[in-house]
1. Out of everything in the stretch 107-149 that is in contact (Cβ under 8 Å) with a residue 24 or more places away in the chain, surrounded by 14 or more Cβ atoms within 10 Å (Cβ to Cβ) and over 17 Å from the mean Cα position of the chain (by Cα), what residue ends up being farthest from SER81 (Cα to Cα)?
2. Of all residues in the stretch 66-86 being under 8 Å from the mean Cα position of the chain (by Cα) and within 19 Å of LYS108 (Cβ to Cβ), which is modelled with the highest pLDDT?
3. For GLU113, which of the numbered conditions (1) at pLDDT below 95; (2) part of a strand (DSSP E or B); (3) closer than 27 Å to ASN76 by Cα; (4) among the charged types (D, E, K, R) fails to hold?
4. For the stretch 48-56, state whether one or more residues are assigned to a strand (DSSP E or B), at pLDDT below 85 and not assigned by TED's automatic domain parsing to the domain that holds THR165.
5. Somewhere in the stretch 96-106, is a residue within 14 Å of the chain's Cα centre (by Cα), surrounded by fewer than 17 Cβ atoms within 10 Å (Cβ to Cβ), modelled with pLDDT of 95 or more and not in a helix (DSSP H, G or I)?
Amino acid sequence: MVWCDHQGSMSQNTTLKQRLLTQFKVLTTIPSQHVIVNESLQQISLVDLTLNDATRLLKANEEKGLILQGKTSLGNVRIFSEDIQMIESFGNIVLTIYKGKEVRFDQKLFELETMLADHGFVRISKSMIVNAQHIEAVSSSFNAKLRLHLTNGSYTDVNRSYLKTFKAYMKEREF
């Protein structure tokens, strides 16, 4: 990939290039600011970016959280952590549901938990982490558990062994 400024000379801003490459699937670049990116994971568009535009775009996307790569039956996808409500493991399979599709991750659940800790995710059971931003309400459940009502209408329970950690996390976040 060659990154050029509006005069066509090479830019020395390699960190910007690296950040663009990690946050967007850059398919190719054309000298004179044109960058072809996969913006919505469903369409490819030609974008005319100045250095300032690229920096603003990166900042806006960083606010949406970390970008995770997963696999669906249709192929590889990239998902903003902000859009994920919960991630669950079933044995060696780690997955989430995104836009009605099952997305599998190559990482183990504890690895994702570590990566996503600063992006609002908290462990609620041995096999699940949840995005605290998507918790709509918390209520009591049977057997001394808490029930989390998520923004998509589903619910899940906080396992008793994770109650103390969950409550401390939510108190720290002032939920």
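1. Looking only at the stretch 107-149, we keep the residues that are in contact (Cβ under 8 Å) with a residue 24 or more places away in the chain, and these are 112, 115-116, 119-135, 138, 148.
Cutting the leftovers down to surrounded by 14 or more Cβ atoms within 10 Å (Cβ to Cβ) gives us 112, 115-116, 119-125, 127-135, 138, 148.
Checking the rest, the ones that are also over 17 Å from the mean Cα position of the chain (by Cα) come to 124-125, 127, 138, 148.
Values: ILE124: 17, SER125: 19, SER127: 18, VAL138: 21, LEU148: 19 Å.
The residue in question is VAL138.
2. My answer is ILE84.
3. (2) is the only condition that GLU113 fails.
4. yes
5. Checking the stretch 96-106: at least one residue is within 14 Å of the chain's Cα centre (by Cα), surrounded by fewer than 17 Cβ atoms within 10 Å (Cβ to Cβ), modelled with pLDDT of 95 or more and not in a helix (DSSP H, G or I).
The values are calculated or read from the model by the stated rules, or taken from the named source; none is laboratory data. What you are looking at is a predicted structure, and each value in this text was computed from that prediction instead of being measured. Counting neighbours? That spans all protein chains shown, and the Cβs are built from the backbone with ideal geometry, glycine included.
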